[in-house]
């Protein structure tokens, strides 16, 4: 029997068929392996392109969200400054610093010092990234750092509102009945950024129904209004500082996004 296999081996070697078949088989295997590797590479490439486009889409949406937040804060900051000015005027009247107070400006102060200047700084896109676990798509470390502190900042602002809003609500309760209801209604409807100036046409023919003496008596008769007004002013002035910080932070974040979009190149 060994002689039989030995003859076959010699015959194959002689004919060189075994080595021909071996080389052919190895070549076929290499072609299959190369094809698989190429297919995997193409799949990975396509997946990378898709992820990059998803990433770009999120960056564009974040840019839109943050741009809107910045514009909202800018507008609310103007209103906050108006509220601070009115509250300071009322405080000056209480402290006797205004020898001839303007009844209409004082009425505006009474009505609007109790306003809650609320606005949202949350980003729907960030919420989606966070809830779906897609924050991992963010490649830029600076953008990651900014977003990682987002929830903490919103929580901080909510805590501050929870602390300060009761002062504003308390002030509103204390002075609610000083003004005639029709005065309150007109002031609420007519007052705006374009009508903040008393020289505005909105106030030309307006006459307060609240007697001037009732304004002063109502203010001076309110218990501890001086201290409460200072608390409200402090809260508003600190809020103004946070607004300025938010505007700067939004501008910084928009620069980061613009830089990252430039790095990604054209669509």
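Only the coordinates and a few stated rules stand behind these numbers; no lab work does. Because the structure is predicted, anything quoted here is derived from the model rather than measured. Note: ideal-geometry Cβ built from the backbone for every residue, glycine included; neighbour counts use all protein chains shown.
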* To do: Provide the convex hull volume over Cα atoms per residue for segment 57-215, in Å³.
  => 151 Å³
* **Fewest-first ranking of 108, 95, using other Cβ atoms within 10 Å as the exposure measure** => 95, 108
* Asked: Which values, in whole Å and largest first, are the semi-axes of the equivalent ellipsoid of segment 160-267 obtained as the square root of 5 times each eigenvalue of the Cα gyration tensor?
  -> 42, 21, 10
